[in-house]
1. Compute the signed sum of charges (Lys and Arg +1, Asp and Glu -1) over the other residues within less than 12 Å, Cβ to Cβ, of residue 97.
2. Run lengths n ≥ 4 of DSSP H only: what is the helix-derived mean residue ellipticity at 222 nm for the chain, with -39500 (n - 2.57) per run over all residues, to the nearest 500?
3. Taking θ = phi - 60°, what integer Hz values does the Karplus form 6.51 cos²θ - 1.76 cosθ + 1.60 yield along region 108-123, in sequence order, with x for Gly and Pro?
4. Rounded to the nearest 5, what is the percent of antiparallel bridges among the DSSP beta bridges in the chain?
5. Charges on Cβ only, +1 for Lys and Arg, -1 for Asp and Glu, centred on the Cα centroid of region 1-55; of 2, 51, 12, which one is farthest towards the dipole's positive end?
6. Could you work out how much longer the chain between residue 91 and residue 19 gets when fully extended? Use 0.36 nm per residue separation minus the Cα distance between them, nm to one decimal.
7. Grab the other residues whose beta carbon is less than 13 angstrom from that of residue 161, score K and R as +1, D and E as -1, and report the net.
8. Please give the net charge around residue 5, taking every other residue with its beta carbon less than 15 angstrom from that of residue 5, where Lys and Arg add +1 and Asp and Glu add -1.
Amino acid sequence: MLRQQRPEILDAADVPDHLARRAYRDLARIHWWLGDTASILREIRRDRLPVRRILDVGCGTGAVLKYIRGKLDVEVLGVDLNPRPGSVSILKADAVRDRLPCVDVAYSMHLGHHLSEPDLIALIRNVGRFSRRFLILDLVRHPLPLALFRLFVAPLVCRIVVVDGQTSIRRSYTPAELHRLTSEALRGSAGTFRQSVAPVYARQLIDISYAPLARGAI
Ligand SMILES: C[S@@+](CC[C@H](N)C(=O)[O-])C[C@H]1O[C@@H](n2cnc3c(N)ncnc32)[C@H](O)[C@@H]1O
């Protein structure tokens, strides 16, 4: 399956707030059903160092962040290019280029596939200037999750998510591509990462540990 570059409906700033809120609520439910949120929580809980401050990069309305705040005793912040009003603190920022809040752990969910290869590399480098660890959770471009999405998820969610969900899978990176891009982003630094792919390609997760001394140099 060739990678598509078509934008998603939610990429447009003029989607009315009530429709965007409904779509992000459905997205948060999908993350919960599929175990995406649980896998981010698990990884944060496994951190060997204290985690006091967390950043959701590309957080939308912050619905997932709000859930995570309820589960962990941490300060939570979100950044988004196009922030939507929500009940957590969200800053407007381009995470690829702008200064970000300093945190212990940053994570992104379904952000990577919105970015071109050079921008995804730049994102990984930029986040490393403000965080010691970055969890990148994203979709996998493969016919199996596309078919499963159409069969089991699409009937339960709003129209925007039905359309954007399929575009997202077609736009996302294969595990081999994401591995290559992460290696490229960390080349020349002492940062390390591991990658895992869930059964039926439901998601992939890249867990990056930036090297403390090299962090400023990335
Ligand atoms: C598919 S939504 C995912 C929202 C949320 N993370 C979730 O999984 O429910 C992707 C989000 O990334 C944001 N985004 C895209 N490019 C960005 C960038 N360069 N910097 C910050 N946010 C960005 C979009 O505005 C959008 O809210």
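1. Local charge sum for residue 97: 0.
2. Computed ellipticity for the chain at 222 nm equals -11000 deg cm²/dmol.
3. Running phi through 6.51 cos²θ - 1.76 cosθ + 1.60 with θ = phi - 60° gives 9, 10, 6, 9, x, 6, 6, 10, 6, 4, x, 6, 5, 4, 5, 4 Hz.
4. If I count the DSSP bridges inside the chain, around 45 percent turn out antiparallel.
5. About the Cα centre, the residue reaching furthest to the positive side is 51.
6. Full extension from residue 91 to residue 19 adds 23.8 nm.
7. Net charge in that neighbourhood comes out at +3.
8. -1
Read-outs: derived from the displayed coordinates by stated rules, not from any lab. None of these values were measured; they are calculated from a predicted model. Glycine also receives a Cβ, built like all others from the backbone with ideal geometry; neighbour counts cover every protein chain displayed.
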